[in-house]
Amino acid sequence: MSNKSKVFLSGVVEGFYGRPWTMSQRKELFRRELKLGLNTYLYAPKDDYKHRMYWRDLYSLEEADQLMTLISAAKENNVEFIYAISPGLDITFSNPKEVAALKRKLTQVCGFGCRSFALLFDDIEPEMCPADKERFSSFAEAQVSVTNEVFLHLEEPHTFLFCPTDYCAAFCTPSVPLSAYLNTVGEKLNPGIDILWTGPKVVSQDISVASIEEVSAVLRRPPVIWDNIHANDYDPQRLFLGPYKNRPTELIPKLRGVLTNPNCEFEPNFVALHTLATWCKSSSAPKDVSMDGDDQGSDYNPHEALQLALTDWLVEFGRAEQPDGSGRCRREVSEEEPMQTEGHTPGPRDNPLYTAEPLTLADLTLLAELFYLPYEHGHTATHMLEELHWLRTHTLDEEEGCAWRVRAQQFDDRCAAVVQMFNRLSNAPNRLILYDLYNYICDIKSGVTMAKAYVKTLGGQTPHPALALTDDPEPWGFRGGLSGEFQRMLPSHGNRDLFRSPPATRVYTIRPCTPKDQPEVMKIFKQMQTETQQKVELVGDRLVEGQMMPSQNCSLILDDASGVCGYAFALSDAKTAMNKSQYPETMLQDYPSVIALQIHSKVPDHSAAKRLILQLLSALRDSGSKGVFSEFRSNDRRMLDFLKTLNVFQVLKVDGLPANLVIMGTKL
């Protein structure tokens with residue numbers, strides 16, 4: 001089947017870790033997909049034990065009946081049901097009995113009426129057992145061999161997906177174009193099989209056209225995006241209700257499809273599905289781009305898509321639905337008054353009856369902005385953080401007192417709006433949605449209530465005793481438990497906070513290297529060698545070990561209060577340090593200089609390392625060099641990943657390079 005004749009896959013992958021959705025929730029998903037114009041469901045719940053851990057086991061009669069009912073429900077709603085199996089935890093690829101067990105399992109599911117399948121090798125150790133090493137030259141070849149055999153056994157199913165172990169650019173060594181794993185997959189995987197891809201990272205902030213063109217060239221086919229932008233299985237305190245965003249609609253003709261792997265909780269995914277559907281139906285025709293960046297150069301606007309989704313979701317909140325204890329829901333259609341109010345009329349001196357305020361679109365907009373996206377808070381959340389930071393860093397003196405009080409009152413009003421939203425959500429008729437949201441909205445209500453009390457304290461007021469910030473707070477006065485305490489002790493704690501107050505960070509110094517630094521430099525150097533355990537002769541090693549002197553002004557040290565934490569040495573003419581012709585002359589013409597570089601793992605501040613490198617590059621440029629390269633052992637993943645984030649060097653493609661060596665470079 002050619003790519004031109006294939007329908008663009010759009011829909012949902014149930015691929016998260018945690019409690020799988022119920023059968024009734026999946027049937028409701030199919031109905032929603034039909035209404036929204038989405039067409040695909042990929043069944044891949046990580047904690048369905050017969051999908052992953054016990055993949056060899058056949059389904060029982062009861063389980064078979066459930067799956068047949070589910071597959072039938074998908075067909076009724078024009079949704080393509082793709083059954084995925086994940087044997088990678090313990091399969092022996094070279095064992096014919098293992099392959100036969102895999103075929104037997106998928107043949108059973110085929111008998112349920114399923115015509116589309118997926119074979120997943122994500123989140124597994126990339127090591128082969130001794131038997132597989134004898135049969136296959138690489139892990140990729142082993143996976144591809146079994147996948148092709150299963151694909152042909154199923155007589156070329158309607159859709160067949162393959163999830164590689166290196167399923168995002170961050171996992172590819174040394175890069176996507178030069179990844180031996182991906183190139184093997186692209187070259188040897190049957191052309192009728194489509195490949196899943198998450199983008200630059202596991203959870204990708206952006207997916208660009210250029211990045212998709214790059215991976216498509218390697219895979220020799222357009223990928224299906226497994227999008228984790230709304231996934232929350234990695235953090236039980238976060239929920240994502242923002243719009244599908246930072247994926248230009250120009251991607252659509254360059255992809256085989258997009259499947260969102262959303263929040264573990266079923267009901268809050270209304271927004272993720274709704275905005276994805278709007279994106280899929282959008283045109284990539286250019287139009288004026290708005291100054292706020294919301295318009296992504298097409299007729300898809302994330303802010304407008306979010307408002308459309310929230311407007312429709314508000315209707316769902318008004319439906320009286322209750323869980324019945326079995327995971328299914330029971331609809332209450334009753335216009336009678338609640339029993340406790342029947343016949344009761346408060347007296348003139350009694351408390352009035354409690355009247356629930358209706359939920360509004362403004363409430364849902366606030367909710368979405370408080371629980372937006374992994375890399376971005378909504379506007380209101382960001383503004384509240386900025387205001388709290390301003391209030392705690394300014395004082396009630398004569399000069400700023402009036403402005404402080406005005407801003408404190410505005411902050412108080414925003415906190416009150418969050419509490420009001422919580423109360424209205426708590427009284428919404430649809431308890432199914434409420435129960436999926438409750439832990440999150442309760443947590444944010446508590447957080448803003450404590451912040452509100454703190455601001456009152458700063459203003460000279462006395463908060464309620466339960467909210468007082470003391471040395472002996474109630475348990476609700478702090479967050480995180482044991483996991484939170486572990487994280488606060490790590491050097492990277494707070495690195496991914498979306499709002500950064502000016503940090504009290506370490507002071508780093510960049511200075512020339514002296515003979516007294518050599519023991520500390522060698523300590524870092526030997527630690528790197530211990531971590532990589534690869535015996536590769538590098539030109540730069542001779543600079544570090546003192547066999548060759550660096551060029552003038554080209555030996556720099558990065559240190560902090562604890563001592564040396566990084567070094568950068570350079571030689572303007574790398575040939576003078578070579579015992580033989582290690583690298584092609586064509587490479588040395590463009591990159592004549594060499595840098596030896598290491599940054600200790602205790603340095604979380606990427607900007608300090610970047611300043612060190614840029615200062616050395618400036619010295620080389622002044623010496624007349626037109627390019628520089630740096631060598632790394634291929635399993636020095638820490639430094640390779642670190643340098644990728646700095647965006648200073650690029651991986652160079654050098655013919656005849658050993659597999660255990662990576663060369664990075666930049667023009668000057």
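Quick note: the coordinates plus some simple rules give every number you see, no bench work behind them. These numbers come from a predicted model, not from an experiment. Because the Cβ atoms are built from the backbone with ideal geometry, glycine has one as well, and the counts that use them run over all protein chains shown.
Rounded to the nearest 20 debye, what is the charge dipole size of segment 509-667 about its Cα centre when +1 sits on each Lys and Arg Cβ and -1 on each Asp and Glu Cβ?
Magnitude of the dipole: close to 140 debye.
For segment 95-201, give the magnitude of the charge dipole about the Cα centre (Cβ charges: +1 Lys/Arg, -1 Asp/Glu; no others), in debye to the nearest 20.
On the way: 9 positive and 14 negative charges, 57 e Å.
So the magnitude is around 280 debye.
Here's the picture: charge each Lys and Arg Cβ at +1 and each Asp and Glu Cβ at -1 in the chain, and of Cys168, Val12, Ala217 the one pushed furthest to the positive end of that dipole is Ala217.
For the chain, the relative contact order works out to 8 percent when only alpha carbon pairs closer than 8 Å and six or more residues apart are counted. Each of the peptides 512-518, 44-50 was scored by the mean count of other Cβ atoms within 10 Å over its residues; in descending order, highest first, they stand as 44-50, 512-518.
At 18 Å minimum axial length over the Cα atoms and a Kyte-Doolittle cut of -1.0, report the qualifying DSSP H helices in the chain, or say none. It would help to have the intermediate numbers written out before the result.
Values: long enough: 23-36 (20 Å, -1.18); 61-76 (22 Å, 0.02); 96-110 (21 Å, -0.23); 139-153 (21 Å, 0.46); 302-317 (22 Å, 0.34); 379-393 (21 Å, -0.60); 401-426 (37 Å, -0.19); 431-458 (40 Å, 0.38); 518-532 (21 Å, -0.87); 606-622 (24 Å, 0.25).
Counting only whole DSSP H runs, the qualifying helices are 61-76, 96-110, 139-153, 302-317, 379-393, 401-426, 431-458, 518-532, 606-622.
May I ask for the distance between the Cα centers of segment 169-237 and segment 1-68, given as a whole number of Å? Rounded to whole Å, the Cα centres lie 21 Å apart. Between Ala608, Gln409, Ala73, the Cα set farthest toward the positive side of the dipole of the chain (charges on each charged residue's Cβ, about the Cα centre) is that of Ala608.
Of all alpha-carbon pairs in segment 509-667, indicate the percentage at a distance above 28 angstrom. Intermediate values should be presented prior to the final figure.
Working: 1424 of 12561 pairs.
Summing the P(r) of segment 509-667 above 28 Å gives 11 percent of all pairs.
Of all DSSP beta bridges in the chain, what percent run antiparallel (nearest 5)?
Working: 29 of 61 bridges.
Roughly 50 percent of the beta bridges in the chain run antiparallel, per DSSP.
Multiplying the residue separation of Leu152 and Tyr435 by 0.36 nm and subtracting their alpha-carbon distance yields 97.4 nm.
Translational D (Stokes-Einstein, µm²/s) of segment 3-285 at 4 °C and 1.567 mPa s when Rh comes from the Kirkwood sum over C-alpha pairs?
Result for D is 68 µm²/s.
The modelled label-to-label distance for the pair Leu458/Lys626, using points 7 Å beyond Cα in the direction of Cβ, is 5.7 nm.
Would you mind getting the Kirkwood hydrodynamic radius of the chain from its Cα pairs, rounded to one decimal in Å?
Details: mean 1/r = 0.0347 Å⁻¹.
Averaging 1/r across every pair of different Cα atoms and inverting gives 28.8 Å.
About its Cα centre, the chain has a charge dipole of approximately 1680 debye under the convention of +1 per Lys or Arg Cβ and -1 per Asp or Glu Cβ, with nothing else charged. Extending 7 Å from the Cα toward the beta-carbon at both Gln237 and Gln552 defines two label points whose distance is 5.5 nm.
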